[in-house]
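Q: Below you will find the structure I want to go over with you.
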Amino acid sequence: MTPAPAKGEFNNFCTEGLASGQLAKTDCSVNWTNSDSRMYCFSSEDSKAAFLKDPAGNLQQAREFFASKQASAGKRVQEVIAERSMDGAFVFHDPKLDADLNLLFEQIKTVRGMEGYGWFANVIFHDKDEAKKQYAIDFWFKPEGDQLTLMDIRVQKGPKQDGDSYYMVTRMPVAWWWLPVQEHPGDMEVTRAWQVMSAIHNYIATHKDAKGALEIKDDKTGETLPLDFVEIHRPVRHLKKDGEYFVCTDFRKPGSKDEYYDIDFWVNQKSGKLEVDNVKIHKIPVQEDGVWTQQPRYTFEGMDFDVTN
């Protein structure tokens, strides 16, 4: 029985582009599978034919160029760690725990590139005071000219205690850049949930203030609220009538561990590009009997939508 082709080592990059020293995206509708059952994607049949005149030599050139880009992202990781270190430890404020983690670097585990979205380095650290407590931390960079701009840092896996030892468990919900990993490259012909989530995360990363908070206008009170981003939730909903997407997210009031806001981001694709065009407060924190809960401003009743995978 012939095994199914494995996902290509270059993700959604054109293989012939990499071989010529360029980064270009493809939907992988034109592809080739080598003897190791690895799939490689091309922009056209002509490009594929030209590449296959010397597959071994062209693959080597593609790998060398791709590795140079991965090395650049790895270098930026080291620069960010150095910039944010105190007393020998990398200091990262975990938005989910609302706590500073003091971490020691172990290794860069992987660096993945997604054309149009950036580079993602998965880095292993351990707690400064307990070496058994390991963390897998994602660094998201976007190219701007020759530079890689840090967009965000997120915990992918955190430590869970088991007796005297610890093991890493995946932090839920997972970041959007992990969702395409199991998809077939050709699935990009339709808008995917992770693409909508990436547009929202990009909006948050590029609109936050110097303190890292996103200012959100309360359309009921007129007040502008600076809020700290915590996470994006699934599902991604798609309105059948006008084609708009909307997604729920968690934000926290700065300085509070319990006052959470549910913020909805509305995303359209009218220009051919996914763009946030509205940000609305869905739920507000309300204290009842000493306990903070969330009170909805509106519901989804009457909305005709489906769920985007």
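Q: ³J(HN,Hα) across the range 240-250 via Karplus (A = 6.51, B = -1.76, C = 1.60, θ = phi - 60°), whole Hz, x for Gly/Pro?
A: Here the 3J(HN,Hα) series is 5, 6, 10, x, 7, 9, 9, 9, 8, 9, 9 Hz.
Q: Could you give P(r) for the range 63-141, binned at 5 Å from zero, as whole percent values over all Cα-Cα pairs?
A: Taking every Cα pair in the range 63-141, the percentages come to 3, 15, 24, 24, 16, 10, 6, 2, 0.
Q: Just need the relative contact order of the chain here, percent rounded to a whole number, with Cα pairs under 8 Å and 6+ apart. All intermediate terms of the calculation are to be shown ahead of the outcome.
A: Working: 582 pairs, mean separation 29.9, N = 309.
Averaging sequence separation for qualifying contacts and normalising by length gives 10 percent for the chain.
Q: I've got another one for you. Please get the size of the charge dipole for the range 206-262, origin at its Cα centre, with Cβ charges of +1 on Lys and Arg and -1 on Asp and Glu, quoted in debye to the nearest 20.
A: 200 debye
Q: Another one. Taking all protein chains together and a probe of 1.4 Å, list His201, His238 from the most accessible to the least accessible.
A: His238, His201
Q: Quickly estimate the mean residue ellipticity at 222 nm for the chain, helices only: each DSSP H run with n ≥ 4 gives -39500 (n - 2.57), and the total goes over all residues, rounded to 500.
A: -6000 deg cm²/dmol
Q: Could you tell me what % of all Cα pairs in the range 1-160 have separations over 20 Å?
A: Percent of Cα pairs beyond 20 Å in the range 1-160: 56.
Q: Which cysteines in the chain lack any other cysteine whose Cβ sits under 4.7 Å from their own Cβ?
A: Result for the chain is Cys14, Cys248, no neighbouring Cys Cβ within the cutoff.
Q: Once phi is turned into θ = phi - 60°, what whole-Hz ³J(HN,Hα) does the Karplus curve with 6.51, -1.76 and 1.60 give for every residue of the range 170-175, x standing for Gly and Pro?
A: 5, 6, 10, x, 6, 5
Q: Loop-only trypsin sites (Lys or Arg not before Pro) in the range 262-309, please: DSSP not H, G, I, E or B, and at most 12 other Cβ atoms within 10 Å. Don't jump to the answer; show the numbers that get you there.
A: Working: sites: Lys270, Lys273, Lys280, Lys283, Arg297; in loops: Lys270, Lys273, Arg297.
Sparse-neighbourhood loop trypsin sites (Lys or Arg not before Pro): Lys270, Lys273.
Q: Still on this structure, I have one more. Taking amide hydrogens as modeled 1.01 Å from N in the peptide plane, which residues meet the under 5 Å criterion relative to His282, leaving out close sequence neighbours?
A: Asp262, Ile263, Asp264
Q: Relative to the longest principal axis of the chain, what angle (0 to 90°, nearest 10) does the C-alpha long axis of helix 193-207 take?
A: With rounding to tens, the tilt is 60 degrees.
Q: In addition: For the range 98-193, which trypsin sites (Lys or Arg not before Pro) pass both filters: DSSP loop (anything but H, G, I, E, B) and at most 15 other C-beta atoms within 10 Å?
A: On the way: sites: Lys109, Arg112, Lys128, Lys132, Lys133, Arg154, Lys157, Lys160, Arg171, Arg192; in loops: Lys128, Lys132, Lys133, Arg171, Arg192.
In loop regions of the range 98-193 (DSSP not H, G, I, E or B), the sparsely surrounded trypsin sites (Lys or Arg not before Pro) are Lys132.
Q: Then there's this: Give the long-range amide H neighbours of Glu259: residues separated by 5 or more places, or on another chain, with amide H under 5 Å away, using H modelled in the peptide plane at 1.01 Å from N.
A: It is Lys253, by chain and number.
Q: Using 0.36 nm per residue of separation minus the Cα-Cα distance, give me the extension gain between Lys132 and Asp277 in nm, one decimal.
A: 47.7 nm
Q: For Rg and Dmax of the Cα atoms in Å, several values are listed as (1) 23.6, 80; (2) 21.7, 73; (3) 27.6, 93; flag the one computed from this structure.
A: Evaluating Rg and Dmax of the Cα atoms in Å on these atoms matches (2).
Q: To the nearest 20 debye, what is the magnitude of the charge dipole of the range 41-146 about its Cα centre, counting +1 on the Cβ of each Lys and Arg and -1 on the Cβ of each Asp and Glu? Please report the intermediate quantities before stating the final value.
A: Working: 14 positive and 18 negative charges, 70 e Å.
About 340 debye.
Q: Right, another one. What dipole magnitude, in Debye to the nearest 20, does the chain give about its Cα centre under +1 on Lys/Arg Cβ and -1 on Asp/Glu Cβ?
A: So the dipole magnitude of the chain works out to roughly 480 debye.
Q: For the range 40-50, what does the Karplus curve 6.51 cos²θ - 1.76 cosθ + 1.60, with θ = phi - 60°, yield as ³J(HN,Hα) per residue in whole Hz, taken in order and with x for Gly and Pro?
A: 10, 10, 9, 7, 7, 5, 5, 5, 4, 4, 5
Q: For Ile200, Ile108, write out the residues from largest to smallest accessible area, computed with a 1.4 angstrom probe and no ligands counted.
A: From most exposed to least exposed: Ile108, Ile200.
Q: Hey, another quick one. Out of the GluC sites (Glu not before Pro) in the range 104-152, which ones are loop residues according to DSSP with at most 15 other C-beta atoms within 10 Å?
A: Glu130
Q: With N set to the number of residues, divide the alpha-carbon radius of gyration of the range 82-239 by 2.2 N^0.38 Å and report two decimals.
A: 1.15
Q: Would you kindly state how much longer the chain becomes between Glu215 and Lys257 on full extension, computed as 0.36 nm times their sequence separation minus their alpha carbon distance, in nm to one decimal?
A: 13.3 nm
Q: Right, something else. Kirkwood Rh over Cα pairs of the range 11-78 into Stokes-Einstein at 10 °C, 1.306 mPa s: D in µm²/s?
A: In µm²/s, the coefficient rounds to 129.
Q: A further question on this structure: Would you please give the residues with an amide H less than 5 Å from that of His93, counting only those at least 5 places away or on a separate chain, with H modeled from the backbone geometry?
A: Placed amide hydrogens put Leu101 under 5 Å from His93.
The values are calculated or read from the model by the stated rules, or taken from the named source; none is laboratory data. This structure is a prediction, so every number in the text was calculated from the model and none was measured. A quick note on method: Cβ atoms are made from the backbone with ideal geometry, for glycine too, and the neighbour counts reach across all protein chains shown. For accessibility, only protein heavy atoms count, side chains too; no ligands or nucleic acids. Shrake-Rupley method; radii C 1.70, N 1.55, O 1.52, S 1.80 Å.
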